[in-house]
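S.K.: Before I ask anything, let me first share the structure, which is written out below as structure tokens.
The values are calculated or read from the model by the stated rules, or taken from the named source; none is laboratory data. What you see is a predicted model, and the numbers here were worked out from it, not measured in a lab. The area values use the complete protein model at the heavy-atom level, side chains included, leaving out ligands, DNA and RNA. Shrake-Rupley method; radii C 1.70, N 1.55, O 1.52, S 1.80 Å.
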Amino acid sequence: MKKNIQVVGAIIIQNDKILCAQRAENTSLALQWEFPGGKIEKDETPQNALIREIQEEMDCKITIGEQLEHTIYEYDFGIVHLTTFLCYLIQGEPKLLEHHAIKWLKPSDLSLLTWAPADIPAVQKLQQLTFS
């Protein structure tokens, strides 16, 4: 039986663009694009996990808005339960500490990237939204 993995992703919005993060080469789903975030630890809320993960992975602070999507996707390594939230930077600029690259894209340009499968439903929803 495959392991269930609870993860969160931050859809960080700034100047009507969305932060996209490319996974490192030495990770599962290497070089695919994702919304940054990570695993929810024991006794942690999804929001607290997201704040911690963005601080650890990108050395910046965010505020968390509404949940955009919840996706369940079965990979070969386990079943990922991904909850994505709309987020906004409140301190610092994202740094490349764990990712290969980052880009700020308009929602209409998100489909230009090769996304990790669990992130695709959120990408599709974002393409239907307008910010501002």
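S.K.: Taking Cα centroids, how far is region 95-114 from region 1-69 in Å?
M.R.: So the separation of the two Cα centres works out to 13 Å.
S.K.: Taking a cut-off of 28 Å between Cα atoms, list the lysines near Lys42, but don't count ones fewer than 8 places away on the same chain.
M.R.: Correct list for Lys42: Lys2, Lys3, Lys61, Lys95.
S.K.: Determine ³J(HN,Hα), in whole Hz, for all residues of region 80-89 in sequence, where each value follows from phi through the Karplus function 6.51 cos²θ - 1.76 cosθ + 1.60 and θ = phi - 60°; x replaces Gly and Pro.
M.R.: Karplus-based 3J(HN,Hα) across region 80-89 equals 8, 10, 9, 10, 10, 10, 6, 9, 9, 5 Hz.
S.K.: To continue, here is another question. Counting heavy atoms of the protein chains only and a 1.4 Å probe, report the per residue accessible area for region 1-53 as a whole number of Å².
M.R.: I get 53 Å² per residue for this part.
S.K.: Cα to Cα, under 16 Å, and not fewer than 8 places away if on the same chain: which aspartates and glutamates meet these conditions relative to Lys17?
M.R.: The reachable aspartates and glutamates, counting only those whose Cα sits under 16 Å from Lys17, are Glu34, Glu93, Asp109.
S.K.: For region 1-129, would you read off the P(r) tail past 19 Å as a percentage of all alpha carbon pairs? Could the numbers behind the result be given before it?
M.R.: On the way: 3616 of 8256 pairs.
Roughly 44 percent, once rounded to a whole number.
S.K.: On average over all directions, what projected area in square nanometres does region 57-116 have, based on the convex hull of its Cα atoms?
M.R.: On the way: hull surface 21.2 nm².
Directional mean of the projected Cα hull area for region 57-116 stands at 5.3 nm².
S.K.: Now a separate question. Taking amide H positions as placed in the peptide plane 1.01 Å from N, state which residues far from Cys60 in sequence (5 or more) or on other chains have amide H under 5 Å from it.
M.R.: For Cys60, the qualifying residues are Gln55.
S.K.: Sticking with this structure for a sec: Check Ala24: other-chain or 5+ apart residues with amide H under 5 Å from its amide H, H built from backbone geometry?
M.R.: When sequence neighbours closer than 5 places are left aside, the close amide H contacts are Leu31, His100.
S.K.: Using helices alone, what [θ] at 222 nm do you get for the chain, with -39,500 (n - 2.57) per DSSP H run of 4 or more residues, divided over all residues and rounded to the nearest 500? Don't skip to the end; give the middle numbers.
M.R.: Numbers: 2 runs with 20 residues, N = 132.
Result for the chain, helices only: -4500 deg cm²/dmol.
S.K.: In addition: Obtain the radius of gyration and the Kirkwood radius of region 27-79 from its C-alpha atoms and give Rg over Rh.
M.R.: Working: Rg = 12.4 Å, Rh = 12.8 Å.
Rg/Rh for region 27-79 comes to 0.97.
S.K.: What share of the DSSP beta bridges in the chain is antiparallel, in percent to the nearest 5? Before the final figure, lay out each step's value.
M.R.: Numbers: 24 of 34 bridges.
Bridges in the chain are about 70 percent antiparallel.
S.K.: To make sure I understand the rule: partners must be aspartates and glutamates, Cα under 13 Å from the Cα of Lys39, and not fewer than 8 residues away in the same chain. Which ones qualify?
M.R.: Glu53, Glu56, Glu57
S.K.: Moving to a separate point now. For region 31-92, which whole-number percentage of the solvent-accessible area (1.4 Å probe, protein heavy atoms only) is attributable to carbon and sulfur atoms?
M.R.: Details: 1520 of 3180 Å².
C and S atoms contribute 48 percent here.
S.K.: Could I ask something else about it? Between Trp115 and residues 5 or more places away or on another chain, which pairs have amide H atoms under 5 Å apart, with H built 1.01 Å from N, and which residues are they?
M.R.: Trp33
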